[in-house]
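Engineer: Just passing along the structure, written as structure tokens.
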Amino acid sequence: MEFLQNPNRFDLLLDGISIWEQNPTIEQTCDDAKIVTTVTANGLCIVNTARKIDKHGAYEWVNTLENISDTPTPIISELWDCRCALPLPYEQPYRWIAIHPDPKTATKILAPTGSTWSAEEFFCDPDKLVGNRRINHIYAGESKDYTASGGRSSEEMAPFFNIHKDGHGVIAAVGWTGQWRCRITRGADNLTIRSGIDGLHFKLLPGEKIRTSSVVLMPYDGDIIDSQNKWRRLVKDEFSQAGKRVDQAPLCASFWGGNTSDTMLDRVKFIRENKLPYEYIWIDAGWYGIDSKPSANEFEGDWGSYNGDWRVSPHIHPEGLRDVSRAVHDAGLKLLLWFEPERVCGSMPDPREHPEYFLYNGGWHLLNLGNPDAWNHIFKLLSDRFEELSIDCYRQDFNASPLDIWRENDEEDRQGITEIKHITGMYSLWDSLLERFPNLIIDNCASGGRRIDIETLRRSIPLWRTDYYCPANFDVEVAQMHNLTFGSWMPYSGSAIKGYDPYNIRSGYAPAVSSAQFYYADSAPADVTQQHRQCAEYLRVRPYFSEDIYPLTEPSPNTDVWCAAQYNRPSQDDGLLQIFRREHAPYDSAVFHLRGIDADAEYVLEDLDGGEVTLKGDKLANLRLTIETPRTAKLFIYRKKHV
């Protein structure tokens, strides 16, 4: 806890002067779980609650600010919830020279992109060369600034950073589901990380109390791949719903919500009678709106114009989905249902009846979760729906960028307050739903994975990590790539299966899977034997996807290469190899260098298409594979033989 005993790990200006220059009162209490630091100056009380996560050598803290006086505080600005320096091996200033500096010894920042309906989501090339500079390298005396886009935490840039130099580094995560910012400054022998909420310039009113962003820091020794696995283990243990509320992220059979109840009931009956081992029935958008009509898929119909009317459509579901819910649960399955409570069309009843609940932006209404009456309204509405339909997984989507509407509703001396109250209201909504429904899980979707950060990860699972998977014929090579990119930052995220051949099916295997074989009104599910084989195979390999990941190839969407990953499970001395020879790859053999293998031991390597061999560890660690047929997906499980 020694690192946390220094109170100067955050900073802010009060009327342009650092709080540390205003002779503040500082009090600190400490126990085995946390350190609470209270800093008071000019009527402002800042409480920093921090903890060390000993098992993973990580630190986490969050700040609350409260006006304890009878008058408004001075203007608060330049609020950095994290401002701390960490040691890092020596780095020289940048020099303009004819030969590029050696990338192997440079200070690199892995700053992944967000979810952008593209192949390169949650990906960063640390050595990317633009002009004469490697834009993700940083030299002594330089700073790099990062921020969210549009008010969603992982829309274009994700709030995660791995800064590495010569076998040492730190991974940092900003815990804020809105417009965060981060500044990384390189000193000659250290690194300064600042993070917080972007655009703050506000006073607090008498008695007003807010919380701001959190931060997680994990210093490490080792290479980048090992550090990412250390990070995955931290997230798995401390910031994941899977493993706590559910053993694993779920296998779902997904239905488009605009399909009629009769269609859904027929498909639930098919699943039940054929004993297909799906775990959840996923009912997506399109089921709601008092006047909404049936639609075949998400690209048809007028369902989108009813957003905010959370009455079940009687034209699509005459019994209000209650018959579907009964059938799902009678089949031993659980029910997932889609909502998007924050984005509301102006023609819906709530904006007409309660305009005070909403913020307006010309084209749509934002339910203001910072308004207690609006919060109570949506909490009751959702709770009533969950109880009525016995919802097991609440899927919350958010298909809008709220930053402009937040800022338009801020007063000049209260910039950032609308956003802060909305985001903390969202946290409170999720926390309250999880408390009221102890067996509930939350699926976090926002146009795909555009709200993934450490605060949403601790409350939810991103079962649909990108909208790239929306078209029925999306490029499955991108899903293969996403297992490497998303997988580097989180042990649980979800992919989709929308094809019927083994290559398509195995490309969709991930920590969570949504199978779309029943999704569309005209879907023709694969035969029962194939579905049993697919589900059984997936359920067997699923536990490996949340274990240590070692990319065996570089992430790429190209079809002229192989894509391969190793998932190693040290606790069981076994692991999974997921190998794809893509359609235009010109070579039929490759050598893969596995990690975490005991060179002197013997291993059984099982081909899930049939057959197994026994190999010495040194041979397994340098495994040569031949795949003669292009566009082939292979799965191998290896396990150490114990004498």
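The values are calculated or read from the model by the stated rules, or taken from the named source; none is laboratory data. Please read these numbers as outputs of a predicted model, since none were measured by experiment. Virtual Cβ from ideal backbone geometry, glycine too; neighbours counted across all protein chains shown. Side chains are part of the model used for accessible areas, which takes the heavy atoms of the whole protein and leaves out ligands, DNA and RNA. Shrake-Rupley method; radii C 1.70, N 1.55, O 1.52, S 1.80 Å.
Engineer: Please report, ordered by residue number, every helix of the chain (full DSSP H runs) that is 15 Å or longer along its axis going by C-alpha atoms and whose mean Kyte-Doolittle hydropathy reaches -1.0. Don't jump to the answer; show the numbers that get you there.
Structural biologist: On the way: long enough: 224-238 (21 Å, -1.27); 261-273 (18 Å, -0.59); 372-389 (25 Å, -0.51); 417-436 (28 Å, -0.05); 476-489 (20 Å, 0.16); 528-541 (20 Å, -0.84).
Helix filter hits for the chain: 261-273, 372-389, 417-436, 476-489, 528-541.
Engineer: With the cut-off at 27 Å, report for segment 313-467 the share of all Cα pairs above it, as a whole percent.
Structural biologist: Percent of Cα pairs beyond 27 Å in segment 313-467: 26.
Engineer: Taking the convex hull of the alpha carbon atoms in segment 266-338, what volume per residue do you get, in Å³?
Structural biologist: It is 89 Å³ per residue.
Engineer: Given an 8 Å cut-off on Cα distances and at least 6 residues of separation, report the relative contact order of segment 301-412 as a percent.
Structural biologist: Values: 123 pairs, mean separation 34.0, N = 112.
This gives 30 percent for segment 301-412.
Engineer: Beyond 27 Å between alpha-carbons counts as too far, so tell me which of K209/K236; K55/K128; K52/K165 fall in that bin.
Structural biologist: Beyond 27 Å between Cα atoms: K209/K236; K55/K128.
Engineer: Put +1 on the Cβ of every Lys and Arg and -1 on every Asp and Glu Cβ in segment 90-162; which of Q92, S153, T116 then has its Cα farthest towards the positive end of the dipole?
Structural biologist: Q92
Engineer: Another question, if that's okay. Treating the beta-carbon of each Lys and Arg as +1 and of each Asp and Glu as -1, no other charges, what is the dipole magnitude of segment 349-432 about its Cα centre, to the nearest 20 debye?
Structural biologist: Roughly 140 debye, rounded to the nearest 20.
Engineer: What whole-number distance in Å separates the alpha-carbon centres of segment 574-630 and segment 215-250?
Structural biologist: About 26 Å separates the Cα centre of segment 574-630 from the one of segment 215-250.
Engineer: So how strong a dipole does segment 241-308 carry about its Cα centre when Lys and Arg Cβ are +1 and Asp and Glu Cβ are -1, to the nearest 20 debye?
Structural biologist: On the way: 7 positive and 10 negative charges, 76 e Å.
Once rounded to the nearest 20, the dipole reads 360 debye.
Engineer: Same structure, new question: I'd like the projected area of segment 1-100, averaged over all directions, using the convex hull of its alpha carbons. Report it in nm² with one decimal.
Structural biologist: For segment 1-100, the mean projected area of the Cα convex hull comes to 9.7 nm².
Engineer: For the chain, what is the charge dipole size about the Cα centre, in debye to the nearest 20, if Lys and Arg each add +1 at the Cβ and Asp and Glu each add -1 at the Cβ?
Structural biologist: Working: 68 positive and 93 negative charges, 245 e Å.
The calculation lands at about 1180 debye.
Engineer: Ignoring ligands, DNA and RNA, please state the percent of accessible area on the chain from carbon and sulfur, probe 1.4 Å.
Structural biologist: 47 percent
Engineer: Considering Cα pairs under 8 angstrom that are at least six residues apart, work out the relative contact order of segment 156-302 and quote it in whole percent.
Structural biologist: The normalised contact order for segment 156-302 reaches 18 percent.
Engineer: Can you work out the accessible area per residue across the chain, with the rest of the protein chains kept in place, probe 1.4 Å, in square angstrom? Kindly include the intermediate steps, with their values, before the conclusion.
Structural biologist: Working: 24510 Å² over 643 residues.
Roughly 38 Å² per residue, with all protein chains present.
Engineer: Over the chain, what is the mean sequence separation of C-alpha contacts under 8 Å (at least six apart), divided by residue count, expressed as relative contact order in percent?
Structural biologist: 11 percent
Engineer: Cα gyration tensor of segment 520-643, axes a ≥ b ≥ c as square roots of the eigenvalues: rounded (a/c below 1.5), prolate (a/b > b/c) or oblate?
Structural biologist: Working: a/c = 1.93, a/b = 1.34, b/c = 1.45.
Oblate shape, in that a/c is at least 1.5 and b/c is the bigger or equal ratio.
Engineer: Which translational diffusion coefficient, to the nearest whole µm²/s, is obtained for segment 196-317 from the Stokes-Einstein equation, given a Kirkwood hydrodynamic radius over C-alpha pairs, 37 °C and 0.692 mPa s?
Structural biologist: Diffusion coefficient, whole number: 169 µm²/s.
Engineer: Right, something else. Quick check on the chain: what are the equivalent-ellipsoid semi-axes from the Cα gyration tensor, as sqrt(5λ), descending, whole Å?
Structural biologist: 39, 36, 21
Engineer: Oh, and also: Out of G610, T71, Y278, whose Cα points farthest toward the positive end of the dipole of the chain (charges: +1 Lys, Arg; -1 Asp, Glu; placed on Cβ)?
Structural biologist: Comparing the listed Cα positions along the dipole, G610 ranks first.
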